[in-house]
Amino acid sequence: MPRFLSAQPDSRLLQQPWDTPLTDWPVDKLVALPRGISRHVVRFIRVGDEIYAAKEVIEHLALHEYRLLHDLNRLETPSVEPVGVVTGRVTPDGEPLDPVLLTKHLRFSLPYRALFTPGVRSETVGRLLDAMVVLLAKLHLAGVLWGDVSLSNILFRRDAGEFAAYLVDAETGEIHDELSKGQREHDLMIAKTNLFGEFCDLEAGGMLDEALKPIGLVETIENRYHELWNELTGAEEFDTSEMHRIDSRVRRLNALGFDVAELDITTDLAGSTVRIQPKVVDAGHHSRRLLRLTGLDTEENQARRLLNDLDTFRVRTDQQGADEAVVAHQWLTRVFEPVVASVPDDLRAKREPAQVFHEVLDHRWYMSEAVGSEVPILDAAKDYAKTVLRELPDEDMSAASVVPVVEEGGRRLANPFDPSQGYLDENDTEKPYDPWEDGVEDTPVPANEFLDVEALRRKKG
Ligand SMILES: Nc1ncnc2c1ncn2[C@@H]1O[C@H](COP(=O)(O)OP(=O)(O)OP(=O)(O)O)[C@@H](O)[C@H]1O
Ligand SMILES: [Mg+2]
């Protein structure tokens with residue numbers, strides 16, 4: 001009998017075919033979504049309207065990763081949400097199977113292979129690097145040593161004009177009270193080594209802009225990490241006549257999306273110089289404020305954009321002196337919600353609401369520039385849905401949209417549920433000799449189609 005370890009069990013999960021290896025699960029239970037390369041068998045499974053990521057992995061690693069993901073969620077670091085671990089799996093023939101770690105599929109997430117399409121602009125790559133660096137710094141601030149930083153272990157979500165990065169693979173992670181410089185540098189070194197390899201792969205596959213070189217990219221990551229870390233935690237000394245520098249340091253951190261919970265301020269004996277050093281820094285300055293005011297849970301840059309629009313609304317409606325929460329509620333019901341509601345149902349899987357709102361604001365700006373006067377936001381929203389959104393690929397969970405995204409140079413994946421099996425190669429007609437298959441009659445697998453799992457199973461049985 002399988003056993004479930006879970007803080008919030010979804011009873012529908014109990015009825016899944018746990019006595020079957022994940023590779024043999026019926027296709028109607030799976031969803032083909034883009035994902036990174038993995039050593040373990042990973043499948044996305046659909047249970048009702050939820051999508052879970054299921055990873056087959058040995059018991060102690062599954063339990064370690066489950067607990068660590070819990071802690072990461074508690075520490076509010078960006079990571080996937082753990083759902084449970086299924087242990088004690090046995091096939092009907094009595095063969096033991098590895099446990100399965102279940103996490104919630106991170107909606108609207110984009111694995112890097114979906115982002116590094118040929119022709120990706122170097123600014124986009126820069127934004128991805130920034131998101132990675134911010135993720136690493138957030139983890140380090142929380143005392144998390146990741147140990148396995150790599151592109152495949154990161155998921156990206158759109159965040160206004162930027163990206164937000166999430167940790168997806170916590171197998172090797174450790175939580176400490178505080179990390180030493182040596183520990184942080186160790187993590188950074190692993191990041192550099194893994195990322196260098198991954199960038200070289202992308203380069204070899206023609207997915208990296210000619211102007212970008214793997215070595216340059218990893219150096220950028222290292223430099224930006226040090227810059228950010230220094231800004232977040234470095235000490236600053238100045239003359240007592242420059243006390244405004246305390247305020248500007250806090251503002252600079254806020255602008256980077258961080259709050260200073262504790263600032264250590266000391267003066268020298270003579271009282272002529274001041275030394276400040278942020279001691280406790282929390283990420284999510286804008287997103288926390290937006291959540292408090294409106295209940296909207298967004299990424300940091302989306303929150304910044306929405307808060308700016310809220311400020312504009314306040315001025316426009318001449319409510320400078322009014323209570324912030326009241327104005328926020330008006331803005332939510334009169335501006336934000338109508339814009340989001342104006343998106344036709346069939347386009348909802350393309351972008352999340354906060355991202356739609358951000359893109360509508362941009363669109364209104366372009367429209368207003370073109371006509372020389374301000375276009376009402378709802379008109380801009382309708383035009384945006386019709387002319388922009390309709391053309392964009394779905395980024396939520398539509399399987400139909402997903403396969404072309406992971407297609408490289410026109411090739412099709414051998415198995416859309418498992419990108420690690422690689423691509424069907426039309427030119428490769430010569431079959432490698434396999435002694436086990438010798439003499440077995442061939443059941444042809446249709447070329448250029450997805451793997452016909454049923455046909456293979458018939459052949460096997
Ligand atoms: N909750 C999730 N939401 C979205 N995608 C996910 C989720 N869990 C896993 N994935 C996707 O599946 C891929 C593989 O998962 P994961 O990295 O945990 O496997 P792994 O076998 O442990 O990898 P590694 O080879 O690094 O050990 C990830 O790169 C990611 O794209
Ligand atoms: Mg991984």
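The values are calculated or read from the model by the stated rules, or taken from the named source; none is laboratory data. Source: prediction; values computed, not measured. Don't worry about glycine lacking a Cβ; one is built from the backbone with ideal geometry, like all the others, and counts go over all protein chains shown.
Do we have F163 as outside the structural domain of V360 (by TED's automatic domain parsing), assigned to a strand (DSSP E or B) and either under 14 Å from the mean Cα position of the chain (by Cα) or modelled with pLDDT of 95 or more (or both) here? Considered against the rule, which asks whether it is outside the structural domain of V360 (by TED's automatic domain parsing), assigned to a strand (DSSP E or B) and either under 14 Å from the mean Cα position of the chain (by Cα) or modelled with pLDDT of 95 or more (or both), F163 comes out as yes. Scanning region 193-208 for residues that are crowded, with 18+ Cβ neighbours inside 10 Å and more than 16 Å from ligand 2 (Cβ to nearest atom) returns F199, L202, M207, L208. When each of I276, I246, I265, I221 is tested for being touching a helix residue (DSSP H, G or I) at 6+ places or on another chain (Cβ under 8 Å), in a helix (DSSP H, G or I) and among the β-branched types (V, I, T), the lone residue that passes is I221. Scanning region 152-172 for residues that are of a type in the set (G, A, S) and more than 16 Å from ligand 2 (Cβ to nearest atom) returns A160, G161, A164. Mind listing whichever residues of region 170-209 are of a type in the set (S, T, N, Q) and not in a helix (DSSP H, G or I)? The answer is T172, S180. Just one of (1) closer than 15 Å to N194 by Cα; (2) more than 16 Å from ligand 2 (Cβ to nearest atom) fails for V149. It is (2).
If I ask for residues that are part of a strand (DSSP E or B) and more than 16 Å from ligand 2 (Cβ to nearest atom), which ones from region 74-89 would you list? Spell out how you get there, then give the answer.
Taking region 74-89 first, the residues part of a strand (DSSP E or B) are 79, 82-87, 89.
Residues satisfying the conditions are V83, G84, V85, V86, T87, R89.
Would you pick out the residues in region 90-135 that are within 16 Å of ligand 2 (Cβ to nearest atom), outside any loop (DSSP other than H, G, I, E, B) and closer than 22 Å to T77 by Cα? Within region 90-135, L101, L102, T103, L110, P111, Y112, M132, L135 meet the criteria.
Quick one: count up the residues across region 164-218 that are over 24 Å from Y66 (Cβ atoms) and among the aromatic types (F, W, Y). So the count comes out to 2. Taking the criterion of being closer than 22 Å to F163 by Cα and surrounded by fewer than 20 Cβ atoms within 10 Å (Cβ to Cβ), the residues of region 319-358 that qualify are V340, L347, R348, A349, P353.
Based on what the data block shows, is T117 surrounded by 13 or more Cβ atoms within 10 Å (Cβ to Cβ), touching a residue at least 40 places away in the same chain (Cβ under 8 Å) and farther than 26 Å from Y66 by Cβ? Answer is yes for this residue.
Can you name every residue in region 10-58 that is assigned to a loop (DSSP other than H, G, I, E, B), away from ligand 2 (no atom under 16 Å from the Cβ) and within 24 Å of the chain's Cα centre (by Cα)?
Initially, region 10-58 is screened for residues assigned to a loop (DSSP other than H, G, I, E, B), giving 10, 15-21, 25-26, 32-40, 48-49, 57-58.
Still in the list and also away from ligand 2 (no atom under 16 Å from the Cβ): 10, 15-21, 25-26, 32, 48-49.
Selection gives D10, A32, G48, D49.
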